[in-house]
Amino acid sequence: MKGGLWWAFLGALLILAVLNQRGTLALLVLVLALASGASELWARHCLTNVTYRRRLGRDHLAYGEATTLTLEFTNAKPLPLPWLLVRDRYPAPVTLPDAAGGSGRRPDGGGRPAEDSGRQDEDSGRQPEDSGRQPKDSGRQPKDSGRQPKDSGRPAGRPYDVDAAQGGALPAAPKPFLDSVVSLRWYERVTRTHRIRGDQRGYFRFGPAEISSGDMFGFRRRQRIDDDTDELIVYPRVVPVEALGLPAGRPLGEWLARRRVHTDPLRFAMVRDYAPGDNPRHVHWPASAHAGRLQTKQFDPSDTLALMLVVDVQTLQRTFEYVPEYLEYAITAAASIAMEALAQRHMVGLCANALGGEGQDWVMVRPGRHPDQARQLLTAMAMLSPFPGLSLAETLHRLRPRLPYGATVVAITARPGEEVYERLLALDTAGHGAILLTVGDEAPDVPETLRHHHLGGRDAALSSTALASAALAPTG
C-alpha cells in the first residue's frame, strides 16, 4: 500500500466498477482508499508532537539502594496512536527488582519488568495494557574465559568492555533494552514507574531511546532516535572496618598514625630558646634580636590525620584482564576506610592508577574533610575502571610531592612487589606514614620494616558482600 501505483490501481478499479455498474466493487474500492488514506495520514504524523521522557528518583545511589525510574509518554495532537513502541537502552548491571517476589532481575530476562502506574489523563480513567515484551536474545551473558595466563599464577580475569560498562568496573555484557508499548489517545499522557536497585558499583547511562509508531493496520512504520540520556552513579560497598580484619576497638587514627608525633607548622604555639637539633628554618629572628639570643618557634602537634588512600586497580599482569573479586574488594576496603576516617574527622584523599574519563593516567581526589568530601570520594571510586594508566610504583612516585605535610599513605593492591615496597619505605623515611594492605588468596612476603595487613582474597570478598547485603536486608 505504498506509492502512486497503488493509488493508480485503485483509481482504475473504481472506474471499471462504475462503468460496469458494480456497486459492491466500487464500495470495496472506496473502503480500500479510505483505509489507505488513513494509513498514510497516521504514518506521516504518528510521531508528530510525541515525546518520551525518563526521570530517575535519584542519580546517586549507595550500594544496594533502590530508587524509581519513571517513564512518561505524551501524545500532544488530535491524532490518536494505536501503538507506540519505545526501546530505551538500559544498563544491564542495574537491577529491576521483581515486584512480586523481590528478587532481582535484568530487563533482558523477559516478563513484565515493572508496574504500570496508570494513565495520568484528567478526562480518561482508561488503563493501558502493560506490554512486557523484552528482546529475546538480550539476556545472554558471555562465558568467562578459563585460560591461565602464562606469566601469572592466578586465574585469568574477565575481559573488560568499556562501552558496555560506561566507566564502571563491569565484565563485558550485551546492551539490553527496556521495551515499553502503549496506546495513546489524543492529548494523552501515560506514565509508568519502575523500581530499580544498584547492585553493582559504577557509572551507568540510560538511553538513547528508539521511538517507533505507525498505522493501525501495521502497513507503515516510522521511527526516530531520542538522544537524551540520564546518568546513574552507584557507590561501592561500605562495610565496618572490623570486617576487613583491621584492629577493632581502637580509633582509626591511632592505628594509622605514625609512632612519632608530627608538629603542624600552621599551629604556632610559642617562642622558646633555640636548642641544638632544632630546625633552623623555625628560628624567630625578630624575637632573637629582641632577646639577644636565638629564639625558635614551637608548634602544637597536629590534631588531624591526613590520610591518602592509594588504590591499585591492576589485579593481573595482563592489563586487559582482571580478577573482579580482587578489584571490588580493594575498592570496598578503600571506601570503608575512607568513610570511617571521615567519621572520625580526619582528612581523606584518594589516588588510583586507573585511567580517567578523559584519558588521564590516574585519578586523584585531594585530602579534605568538608561536607562534600564523602560524595567526591565515593563517586571517584564508583567510576574506577580496571584499566591501569600507571604502575602502582610509578603512582606512588608521582604522588609523593603532592602529599600534605605528615600525611599517611595507605596503599591497597593485589600485586605487591619489590619496587612497591621501596616506594613505600621511601615515603616512610621522608616523614609520611606508609601502610600496605594486600588483597589475594595468598598473603605476600612483605619486609618487616613496612607496616602491612593482608585483607584476604575471594572468601573475604564474598564475606564482605554478604555483610553488605545483610545490612540492607529489612529487619523485623
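The values are calculated or read from the model by the stated rules, or taken from the named source; none is laboratory data. Since this is a predicted model, take the numbers as computed values, not measurements. Note that we place each Cβ from the backbone using ideal geometry, even for glycine, and neighbour counts take in every protein chain shown.
Of all residues in segment 387-441 being over 29 Å from the mean Cα position of the chain (by Cα) and of a type in the set (Phe, Trp, Tyr), which is modelled with the highest pLDDT? Step by step, filter segment 387-441, then rank; the result is Tyr421.
If you go through segment 383-441 and keep only what is in a helix (DSSP H, G or I), hydroxyl-bearing (Ser, Thr, Tyr) and within 25 Å of Pro236 (Cα to Cα), you end up with just Thr395.
The numbered conditions (1) at pLDDT 80 or above; (2) of a type in the set (D, E, K, R); (3) surrounded by 15 or more Cβ atoms within 10 Å (Cβ to Cβ) are all true for Glu40 except (1).
Per-residue answers, yes or no, for (1) assigned by TED's automatic domain parsing to the domain that holds Gln373; (2) under 23 Å from His454 (Cα atoms); (3) more than 35 Å from the chain's Cα centre (by Cα); (4) not basic (Lys, Arg):
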position: Gln295; (1), (2), (3), (4): no, no, yes, yes
position: Phe320; (1), (2), (3), (4): yes, no, no, yes
position: Tyr329; (1), (2), (3), (4): yes, yes, no, yes
position: Asn353; (1), (2), (3), (4): yes, yes, no, yes
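Every listed requirement among (1) within 39 Å of the chain's Cα centre (by Cα); (2) without any contact (Cβ under 8 Å) to a residue 12 or more places away in the chain is met by Arg54 save one, (2). Among the residues of segment 329-354, those that are out of contact with any strand residue (DSSP E or B) (no Cβ under 7 Å at 6 or more places or on another chain), more than 16 Å from Val310 (Cβ to Cβ) and of a type outside the set (S, T, N, Q) comprise Met339, Glu340, Ala343, Arg345. Every condition in (1) more than 27 Å from Leu232 (Cβ to Cβ); (2) of a type outside the set (A, V, I, L, M); (3) surrounded by fewer than 19 Cβ atoms within 10 Å (Cβ to Cβ) is met by Gln376 except one, and the failing one is (1). Figure legend. Inter-residue proximity from segment 446-462: first residues more than 25 Å from Leu427 (Cα to Cα), second residues in a loop (DSSP other than H, G, I, E, B), beta-carbon distance below 6 Å, spacing 6+ or different chains. Indicated pairs: Gly457/Gly440; Gly457/Asp441. Entry remark, segment 442-464: residues being among the polar types (S, T, N, Q) and in a helix (DSSP H, G or I) number 2 in total. Of the strands (runs of 3 or more DSSP E) lying entirely inside segment 4-93, those carrying at least 3 residues that are within 29 Å of Leu232 (Cβ to Cβ) and of a type in the set (Ser, Thr, Tyr) are 66-75.
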